[in-house]
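Novice: One structure follows; several queries about it will come next.
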Amino acid sequence: MPLNKEFVGCASSNFRSGRPAPNRPEAIVIHIMAGSLRGTDLWFGNPASSVSAHYGVGKDGTVHQYVREEDTAFHAGTVDRPLWTSIKKTAAGTFVNPNYYTIGIEHEGFPDDDWTAAMQASSVALIAEIAARWQIPIDRDHIVRHHEIRLAKPCPGSKAPMDDLVRLASAAPVAPPALTQVTAISNLNVRAGVPSTAAPVRRVVTAGTVLPVAGFTATGQVVANNPFWYQDPAGDYFWAGNTNRPNPAT
Ligand SMILES: [Zn+2]
């Protein structure tokens, strides 16, 4: 069953639309709010905070979304003596801003609070969903503490059940995508067998055509910052940006 999420949003200056190419979500960062879910709603909605995360999970299991997954939230941008072995560096040896390639999940409470069963269950379901959408491996190298990026930050604290999150999310059933068709919003090329504009055009459909969808990939050729391509039942691909659902996950 898909997790019930409420899109709350945040101040427009507290996130960046899209992710700088070629970045895509490759890991999930676990945070603690050091406060309440309601307080976090207000903090992320306040331009003065200049921060955000993609999600917040309440102690009662409520899930709020502040930033779309394909956009860049400002939750783990400062790198300080990182412990995370898979943290990315540029060719020049500087750190890539972790916000560009991670999804941030905040959790209600303080670093020394025990996690409630409801909060853990929602977090597990959310991690499983995100990992399925972006083909992120569910292990401790891809589900990381904020502290592992920024050593001075005691976030999410010692009570965050990291190993349980990984173990339970790995085993969590993920509902199949409900998406079965999309509509072309402009003339659209269906490409033979490969999610790339380099693949031969199998056929061209006109705007308004309803196309059946068998699945999608988040790792197709990036066109206009969008890596999503739909696969039709014949195994051919078309770019999601030319449809009414440019992101199959939202
Ligand atoms: Zn944090």
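Novice: Mind checking which of G61, G215, G93 has the largest fluctuation in a GNM of the chain, springs on alpha carbons under 10 Å?
Specialist: Comparing G61, G215, G93 in the GNM, the peak value goes to G93.
Novice: Mind checking which lysines have their Cα closer than 29 Å to the Cα of K89? Skip sequence neighbours fewer than 8 apart in that chain.
Specialist: Hits, sequence-local ones excluded: K153.
Novice: Another question about this same structure. Dividing the convex hull volume of the Cα atoms of the range 148-237 by its residue count, what figure in Å³ per residue is obtained?
Specialist: Taking the convex hull of the Cα positions in the range 148-237, it is 162 Å³ per residue.
Novice: Place the peptides 191-199, 231-239 in order of packing, highest mean first, counting for every residue the other Cβ atoms within 10 Å and averaging per peptide.
Specialist: 231-239, 191-199
Novice: Another question, if that's okay. Counting each pair of different Cα atoms once, what's the Kirkwood radius of the chain in Å, rounded to one decimal?
Specialist: Computed over Cα pairs of the chain, the Kirkwood hydrodynamic radius comes out at 19.0 Å.
Novice: Magnitude of the Cβ-charge dipole of the chain, K/R +1 and D/E -1, about the Cα centre, nearest 20 debye?
Specialist: Dipole magnitude for the chain comes out near 720 debye.
Novice: Another one. Which ³J(HN,Hα) values in Hz, rounded to whole numbers, follow from the phi angles of the range 101-106 under the Karplus curve 6.51 cos²θ - 1.76 cosθ + 1.60, where θ = phi - 60° and Gly and Pro get x?
Specialist: 10, 10, 10, x, 10, 8
Novice: Which lysines does K159 reach when only Cα atoms under 17 Å apart count, and residues fewer than 8 places away in its own chain are ignored?
Specialist: The reachable lysines, counting only those whose Cα sits under 17 Å from K159, are K59.
Novice: Something else: Which shape class, rounded, prolate or oblate, goes with the range 61-146 when its Cα gyration tensor gives a ≥ b ≥ c as root eigenvalues, a/c under 1.5 marks rounded, and past that a/b bigger than b/c marks prolate?
Specialist: prolate
Novice: Given H placed 1.01 Å from N in the peptide plane, which residues other than close sequence neighbours of I32 have an amide H under 5 Å from its amide H?
Specialist: H107
Novice: On average, how much accessible surface per residue is there in the chain, in Å², for a 1.4 Å probe, leaving out ligands, DNA and RNA?
Specialist: Averaged over the residues of the chain, the accessible area is 45 Å².
Novice: What accessible area, in Å² to the nearest ten, does a 1.4 Å probe give for V51?
Specialist: 50 Å²
Novice: Write down, largest first, the equivalent ellipsoid semi-axes of the range 113-154 in whole Å, where each equals the square root of 5 times an eigenvalue of the alpha-carbon gyration tensor.
Specialist: 20, 17, 6
Novice: List every residue whose amide H lies under 5 Å from the amide H of T243, counting only residues 5 or more places away in sequence or on a different chain, with H placed 1.01 Å from N in the peptide plane.
Specialist: I185
Novice: Separate question: Which angle from 0 to 90°, rounded to the nearest 10, does the C-alpha axis of helix 162-171 make with the longest principal axis of the chain?
Specialist: Relative to the chain, helix 162-171 is tipped by roughly 30 degrees.
Novice: A further question follows. Using only Cα atoms, tell me the angle between helix 117-134 and the longest principal axis of the chain; keep it within 0 to 90° and round to the nearest 10.
Specialist: It works out to around 30 degrees.
Novice: Between E26 and residues 5 or more places away or on another chain, which pairs have amide H atoms under 5 Å apart, with H built 1.01 Å from N, and which residues are they?
Specialist: Those qualifying (amide H under 5 Å, at least 5 residues apart or on another chain) are T102, I103.
Novice: Which shape class applies to the range 134-173: rounded if a/c is under 1.5, otherwise prolate when a/b exceeds b/c and oblate if not, where a ≥ b ≥ c are the square roots of the Cα gyration tensor eigenvalues?
Specialist: Taking the square roots of the gyration eigenvalues as a ≥ b ≥ c, the range 134-173 is oblate.
Novice: Okay, moving on. Counting helices only, and only those DSSP H runs with n ≥ 4, report the 222 nm mean residue ellipticity of the chain as the sum of -39,500 (n - 2.57) divided by its residues, in deg cm²/dmol to the nearest 500.
Specialist: -4500 deg cm²/dmol
Novice: Right, another one. Could you please put R133, R68 in sequence from largest to smallest accessible area, using a 1.4 Å probe?
Specialist: R68, R133
Novice: Oh, and also: Roll a 1.4 Å probe over the protein heavy atoms and report the accessible area of F95 in Å², nearest 10.
Specialist: Number for this one is 80 Å².
The values are calculated or read from the model by the stated rules, or taken from the named source; none is laboratory data. Model, not experiment: these values are computed from the prediction. Positions of Cβ are backbone-derived with ideal geometry, glycine not excepted, and every protein chain shown enters the neighbour counts. To get the accessible areas, we keep the full protein, side chains included, count just its heavy atoms, and leave off ligands, DNA and RNA. Shrake-Rupley method; radii C 1.70, N 1.55, O 1.52, S 1.80 Å.
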